[in-house]
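Below is one structure, written out as structure tokens; the observations come after it.
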Amino acid sequence: MSRPPKAIIIGAGIAGIAAAIRLRMQGMQVVVYEKNNFPGGKLNGFNSDGFQFDAGPSLFTKPELVEELFLLAGEPVSAYFSYEKLPVSCTYFYEKGPIVKAYADQQLFAKELAEKLGEKEENLKNYLKKSRVVYERIGTVFLNFSLHKISTFFKANIGSALKAFRWSHLFKTMHQLNRASFSNPLTVQLFDRYATYNGSNPYQAPGMLSLIPHIEHNEGAYYPQGGMISITNALYQLSLKKGVLFEFEAPVERIIQTEGCINGVVVKGTNIPADIVVSNMDVYFTYNQLLQDNRKAKKLLKQERSSSALIFYWGMKTEFPELGLHNIFFSKNYEAEFEHIFRLKKITDDPTIYINITCKCEPGVQAPRGKENWFVMVNVPANDGQDWHAYREKYRKSILSKLAEILQKDIASLIETEQVLDPVLIEAGTASFMGAIYGTSANSKTAAFVRHPNFSKKIKGLYFVGGTVHPGGGIPLCLQSAKIMSELVLADVKKMHA
Ligand code: FAD
């Protein structure tokens, strides 16, 4: 009997783990090599003096994509993972302005926008209706299929996508589209913010990104019990149960190929053979370091990086009842903020501040009773050699002063523990080029089409998953990249045996 084909996965990020489960369930022998001593990549967490922190992602959407992996593996999801739908997806604070709660109940949210911002209730309803159409007809083609295979045109419902397509999705920016949909600039700012969900600029990114609010407002935002790290833990346990092997502290040094066919990888100077290799490493570094293909790596540099993040993890001595799980403190001049991030590549004097507090969902578990775990994040440019030490100091001061003014408390004196993450540390931690958190930005009309495919056109047996390749960054998209990749592998294997 012939042995099952062997797949090597480079990286145990969420996309790498999902890829491992899928290939294992296709009958392959799967080994994951991870440079760190833990799984999850950006989706990890840590404890500091009794405060639990999610290190990276904080917003959980599309839980069915996690569940799908359990279904595929024939394991009960409830034994590994549980989550709840949030009644309020985010609380928005405007400087010297109203506080707006984004209720999951659309009627309540429409009423809130009408009462606080004078927005007509039907504006929200119409917007979310259109957002649903764009997502369901066009977005699903991007999310479910490779854009680089002719077969997609036969499998995907392209006719329906074309019918739903409007030139304004491409030729109007997201901001222009939002401005045409809402009357109050503060509502426009609220919906412009969704461009940051894939590290982009609403003043440049195409109106197509207006499909993102559909996911949060029509489908819902969720909280996973135990915090975001529980997604990694659940999928890691599932892959172990199914027989995936993991090697930690095992950075892949090179991908080996002969005459356009994959042979395996080099780890710690040893050649390890494989039938297929899946890179979950940043695609730029895969070409630059593992394939030493500088020409291709240079070509990839033409695509603009997504934004990065500066994060303060603060253990707070007291509770703030006015805050929820997700909170946004908007800047006054949103356009200037994005101009700084993407064109000037500097930080601004007045950043939009995001605070995530998981103990709001699990009091006494995520933080000691009577205290709070604050994940305080601002969007910043990808690392281009800026003085991050100076930027950290500057932002710490401006964040503290803005929050003190809005929350009417001396925030600095209430910080009990502190850790910081900046773009340089993000790059060092997960080998993410320039510390970009979503790979490339979606700022251009062609971004979705030029993102690297989930397979190599030159090397047979080499595939790609994760936030730096199709369909893009963010947990749901990373999970989809693994699905698309596994379907490509299946089709290639079938072709080989035909
Ligand atoms: P990664 O998580 O980067 O994993 C890649 C793995 O490969 C790493 O473990 C790395 O160590 C390993 N590796 C690299 N090189 C090698 C090598 N040579 N050999 C072996 N291993 C190697 N997404 C959301 O959905 N919601 C959010 O709210 C959200 N917020 C975010 C906030 C922050 C601060 C950050 C950083 C990201 C956020 N994201 C969010 C984005 C999301 O985290 C990423 O898109 C996703 O986790 C990327 O997963 P990945 O598997 O592609 O890559």
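The values are calculated or read from the model by the stated rules, or taken from the named source; none is laboratory data. Not measured: the values here are computed from a predicted model. Neighbour counts run over all protein chains shown; Cβ positions are idealised from the backbone, glycine included. Remember, those area values only see protein heavy atoms, side chains included, never the ligands or the DNA or RNA. Shrake-Rupley method; radii C 1.70, N 1.55, O 1.52, S 1.80 Å.
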Matching residues in the range 416-427 - criterion: being aliphatic (A, V, I, L, M), within 12 Å of the ligand (Cβ to nearest atom) and open to solvent by 50 Å² or more (accessible area, probe 1.4 Å): Leu425
Could you check, for the range 214-221, whether at least one of its residues is open to solvent by less than 10 Å² (accessible area, probe 1.4 Å), modelled with pLDDT of 95 or more, within 11 Å of the ligand (Cβ to nearest atom) and farther than 30 Å from Asp105 by Cβ? no
Can you report the number of residues in the range 40-66 which are polar (S, T, N, Q) and more than 12 Å from the chain's Cα centre (by Cα)? 4
Can you name every residue in the range 306-331 that is of a type in the set (A, V, I, L, M) and either assigned to a strand (DSSP E or B) or without any contact (Cβ under 8 Å) to a residue 24 or more places away in the chain (or both)? Ala309, Leu310, Ile311, Met316, Ile328
Members of the range 45-101 found to be among the basic types (Lys, Arg), at pLDDT 95 or above and either open to solvent by 60 Å² or more (accessible area, probe 1.4 Å) or away from the ligand (no atom under 16 Å from the Cβ) (or both), listed by number: Lys85, Lys101
Could you go through the range 318-328 and let me know if any residue there is under 20 Å from Ala12 (Cα atoms), of a type in the set (A, V, I, L, M, F, W, C) and within 14 Å of the ligand (Cβ to nearest atom). no
Conditions: (1) within 28 Å of Tyr438 (Cβ to Cβ); (2) free of Cβ contacts under 8 Å to residues at least 40 places away in the same chain. Ala412 meets all but one. Number of the miss? (1)
Filter result (farther than 18 Å from Asn126 by Cβ and of a type in the set (Gly, Ala, Ser)) within the range 186-223: Ala195, Gly199, Ser200, Ala205, Gly220, Ala221
Do the conditions hold for Ser230, that is, is it among the polar types (S, T, N, Q) and under 23 Å from Glu136 (Cβ atoms)? no
From the option list Lys163, Lys242, single residue qualifying as more than 16 Å from the ligand (Cβ to nearest atom), surrounded by fewer than 23 Cβ atoms within 10 Å (Cβ to Cβ), over 21 Å from the mean Cα position of the chain (by Cα) and without any contact (Cβ under 8 Å) to a residue 60 or more places away in the chain is Lys163
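Each row is one residue, and each column tells you yes or no for (1) in contact (Cβ under 8 Å) with a residue 40 or more places away in the chain; (2) farther than 23 Å from Ile357 by Cβ; (3) more than 12 Å from the ligand (Cβ to nearest atom); (4) surrounded by 22 or more Cβ atoms within 10 Å (Cβ to Cβ).
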site	(1), (2), (3), (4)
Gln225	yes, no, yes, no
Leu235	yes, yes, no, yes
Leu238	yes, yes, yes, yes
Asn263	no, yes, yes, no
Can you name the residue in the range 457-479 that is over 20 Å from Pro39 (Cβ atoms) and hydrophobic (A, V, I, L, M, F, W, C) and, of all such residues, is surrounded by the most Cβ atoms within 10 Å (Cβ to Cβ)? Leu462
Search result, residues across the range 226-250 that are of a type in the set (D, E, K, R) and touching a helix residue (DSSP H, G or I) at 6+ places or on another chain (Cβ under 6 Å): Lys242
I'd like the full set of residues that are away from the ligand (no atom under 11 Å from the Cβ) and either among the small types (Gly, Ala, Ser) or open to solvent by 20 Å² or more (accessible area, probe 1.4 Å) (or both), limited to the range 428-450. Met434, Ser441, Ala442, Ser444, Lys445, Thr446, Ala447, Ala448, Phe449, Val450
Could you grab the pairs with beta carbons closer than 6 Å, sequence gap of 6+ or different chains, first residue in the range 20-40 and modelled with pLDDT of 95 or more and more than 8 Å from the ligand (Cβ to nearest atom), second one in a loop (DSSP other than H, G, I, E, B) and among the small types (Gly, Ala, Ser)? Val32/Ala12
Of all residues making up the range 459-483, the number that are over 22 Å from Arg254 (Cα atoms) and within 13 Å of the ligand (Cβ to nearest atom): 12
Per the list (1) open to solvent by 30 Å² or more (accessible area, probe 1.4 Å); (2) touching a Ser or Thr at 6+ places or on another chain (Cβ under 9 Å); (3) at negative phi; (4) within 16 Å of the ligand (Cβ to nearest atom), residue check on Asn454 breaks on (1)
Which of the residues spanning the range 324-349 are of a type in the set (D, E, K, R) and open to solvent by 40 Å² or more (accessible area, probe 1.4 Å)? Lys332, Glu335, Glu339, Arg343, Lys345, Lys346, Asp349
